[in-house]
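Working notes, beginning with the structure itself.
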Amino acid sequence: MTQTISKQKMWIDTDTASDDAVALILALKSPTTNVIGISIVAGNVPIDLGVQAALYTIEMCQAKVPVHVGAIKPLVRSFASAQNVHGTDGMGDIGLKLSGRIPTSHDAVRQIIETFRSAPGEIDLVTLGPLTNIALALSIEPEFAKWVRRCVIMGGTGVLPGNVTVASEFNVWADPESARIVFDSELPLEMVGWDVSVADAVISDELAAEFSQLSDLGKFAMSIQRQVREFCRTETKLDGFDLPDPITMSVAIESSMSISEIQKYVRVHLGDGDTRGQTVVDHLEVLGRNKSCRVVLRVDRNRFVAMIRDALTS
Ligand code: RIB
Ligand code: CA
């Protein structure tokens with residue numbers, strides 16, 4: 001009798017741009033993952049572009065997943081995009097038709113709450129953008145945190161500097177109040193910071209060319225990285241481009257991808273200037289707070305690259 005693999009249910013919250021799209025592909029193509037919902041948050045791009053990019057990517061994967069529109073701006077701060085990194089349309093400005101697709105609802109926060117209420121302890125939550133939708137869910141439904149099986153966050157930095165200020169990573173910097181609510185909640189927190197991305201998720205031009213030749217999906221996944229490649233060439237000085245959301249997704253799909261981690265309390269700095277949105281990891285446990293966050297420090301790069309190759313080939 002063939003053994004049926006029971007797939008892990010997953011909800012993805014995303015501010016869909018070029019790296020988010022590859023993370024969506026990993027999840028949608030994973031043989032062990034059942035993506036039951038996607039919520040969109042303003043971040044990399046204004047909300048409508050995030051919605052269209054998510055729907056476009058789902059179509060490229062020949063998948064069908066409900067997409068729900070969420071917060072159009074941070075809780076307190078003004079909206080600030082990362083279009084300087086990913087391109088005006090967030091998808092490399094390569095001329096994709098990112099319009100005309102219809103989302104399932106404009107009620108993401110309520111959909112998140114009711115979906116997790118219906119299956120407590122069964123669904124993993126993966127966040128790839130600012131944490132506005134999640135903070136709202138926690139604020140509307142105090143029990144929400146207890147219903148989430150795992151909460152895997154692309155955000156912050158565990159040990160190295162940020163990518164928006166010297167200390168802050170974009171997802172946390174964009175909406176620090178929401179991040180504070182999330183990191184001080186009872187969610188089963190797992191943080192994969194930008195330090196992991198620059199350490200283990202840099203894709204060279206040669207590897208990108210190999211991925212591009214695997215399939216039409218591979219060509220799509222790599223061509224939308226055009227603008228972020230230029231940003232990395234001039235600003236972050238990487239030998240290629242990094243994939244923060246996909247490496248976070250790899251840990252969500254397969255927890256053992258993490259090869260170095262610590263369990264600590266993570267405080268999110270509010271305020272302004274260099275430390276706005278800094279994630280301060282209490283390495284020495286001087287704050288006396290519950291060590292509530294699995295802070296991933298390194299990921300198995302070979303397995304990560306193999307996961308991408310498999311997803312683009314399947
Ligand atoms: O700092 C990297 C994060 O900001 C990634 O999620 C990227 O998509 C942007 O949202
Ligand atoms: Ca993102």
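Since every read-out is calculated from the coordinates, none of them should be taken as a lab result. This is a predicted model, so every value here is computed, not measured. As a convention, Cβ positions derive from the backbone with ideal geometry for all residues, glycine included, and neighbour counts pool all protein chains shown.
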Next on the checklist: Under 10 Å, Cα contacts only: if you run a Gaussian network model on the chain, which one of D93, D245, D195 comes out with the highest mean-square fluctuation?
Outcome noted: D93
Checklist entry - At what distance in nm do the modelled label points of E186 and Q62 sit from each other, each positioned 7 Å from its Cα along Cα→Cβ? => result 4.4
Next on the checklist: Give me the one-decimal nm value for the distance between modelled label points at A306 and I259, 7 Å along each residue's Cα-to-Cβ direction.
Outcome noted: 1.2
Next on the checklist: Which three numbers, in whole Å and largest first, are the semi-axes of the equivalent ellipsoid of segment 155-314 derived from its Cα gyration tensor as √(5λ)?
Outcome noted: 30, 18, 12
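Rounded to the nearest 500, what is the 222 nm mean residue ellipticity of the chain from helices alone, with -39500 (n - 2.57) per DSSP H run of 4+ residues and division by all residues? Show your work: numbers first, answer last.
On the way: 14 runs with 119 residues, N = 314.
Result for the chain, helices only: -10500 deg cm²/dmol.
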Next on the checklist: Defining a contact as two alpha carbons under 8 Å apart and six or more residues distant in sequence, what relative contact order in percent does segment 257-299 show?
Outcome noted: 56
Checklist outcome for this item: Shape descriptors of segment 122-237 over alpha-carbon atoms, Rg and Dmax in angstrom, are 16.7, 48
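Quick one: Cα convex hull volume of segment 80-133, Å³ per residue? If you can, show how the numbers build up before the last one.
On the way: hull volume 6.9 nm³, N = 54.
Per residue, the Cα convex hull of segment 80-133 comes to 128 Å³.
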Next on the checklist: I'd like the trypsin sites (Lys or Arg not before Pro) in segment 153-261 restricted to DSSP loop residues with at most 14 other Cβ atoms within 10 Å, sorted by number.
Outcome noted: K237
Next on the checklist: Over the Cα atoms, compute the radius of gyration (one decimal) and Dmax (the largest Cα-Cα distance, rounded to a whole number) for the chain, in Å.
Outcome noted: 17.8, 61
Checklist entry - What FRET efficiency comes out for the pair D48/A119, r = Cβ-Cβ distance, R0 = 35 Å, nearest 0.05? => result 0.75
Checklist entry - Relative contact order, percent, of segment 107-200 when contacts are C-alpha pairs under 8 Å separated by at least 6 residues? => result 32
Item to check | Alpha-carbon centroids, segment 255-277 and segment 1-75: separation in whole Å | outcome: 24
Checklist outcome for this item: Result: in the chain the number of Lys pairs with C-alpha under 14 Å apart, spaced 8 or more or on different chains, is 4
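Output the antiparallel fraction of DSSP beta bridges having both residues in the chain, as a percent to the nearest 5.
Values: 12 of 41 bridges.
Among the beta bridges of the chain, antiparallel pairing accounts for roughly 30 percent.
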Item to check | Rg [Å, one decimal], Dmax [Å, integer] - segment 1-119, C-alpha atoms | outcome: 14.9, 57
Next on the checklist: Just want to confirm a number: the relative contact order over the chain, from Cα pairs under 8 angstrom separated by 6+ residues, in percent.
Outcome noted: 20
